[in-house]
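**Student:** Quick one: the structure is below, and I'll ask about it shortly.
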Amino acid sequence: MLKEDIIVYDDFATKSYHQEILNILNPLSFDWKYNSNISSDNNNTLEYFGFTHTLFNAQLNAWVSKHDVIKPLIYQIKDTANCKNILRARFDMTLFNKNNLMHEPHIDFKVPHIASIYYVNDTDGDTIIFNENKLSNKYTIKKRIPPKANRLVLFKGEFVHTGCSPSKTANRILINSNYN
């Protein structure tokens, strides 16, 4: 597990591998699935929507996507996080919102885990990690991480966190994965 609460790695994948991931996740040609709330199953607030594509499902303990080119990245993240199991891996895309909408704060899993975010494109729409480890109505910011293509963020999954929709670019594309 992580020695620090949050670790940021720039230029995590090789340039050519990252470019291949960027090409695959082209918003105009990729097989995106609509999700009414990109952060949670609890709320269908109109602006919280986004698009996802599941890669690995822990309930099935199986890869459920045909995009095998991503598997090495997920395994590399798992090894970097020093974890044994993949809990989930998915692609996420949020779209432009002129107000830089902050999505619903959440915790991905109730079990101890490491959360990761791999940014695919250069965009805005920070990831916000809060000091709190329980859902509430008030949070204090532990760290804001701006998206940057080929940046990986690892953090202890106990922390409430969220992302923001981009307000300067058309979309924010990332790979969200969790490990224990």
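**Student:** Given the peptides 113-124, 69-80, 10-21, 134-145, arrange them by the average over their residues of other C-beta atoms within 10 Å, most packed first. Could you put the intermediate results ahead of the total?
**Tutor:** Working: 113-124: 21.8, 69-80: 16.6, 10-21: 14.2, 134-145: 11.3.
By packing density, highest mean first, the sequence is 113-124, 69-80, 10-21, 134-145.
**Student:** I've got another one for you. With no solvent and one point per C-alpha, what does the Debye sum give as log10 I(q)/I(0) for the range 54-180 at q = 0.18 Å⁻¹?
**Tutor:** Here log10 of I(q) over I(0) equals -1.00.
Each value in this text was obtained by applying a stated rule to the coordinates, not by laboratory testing. As the structure is a prediction and not an experimental result, all values here were calculated from the model. Don't worry about glycine lacking a Cβ; one is built from the backbone with ideal geometry, like all the others, and counts go over all protein chains shown.
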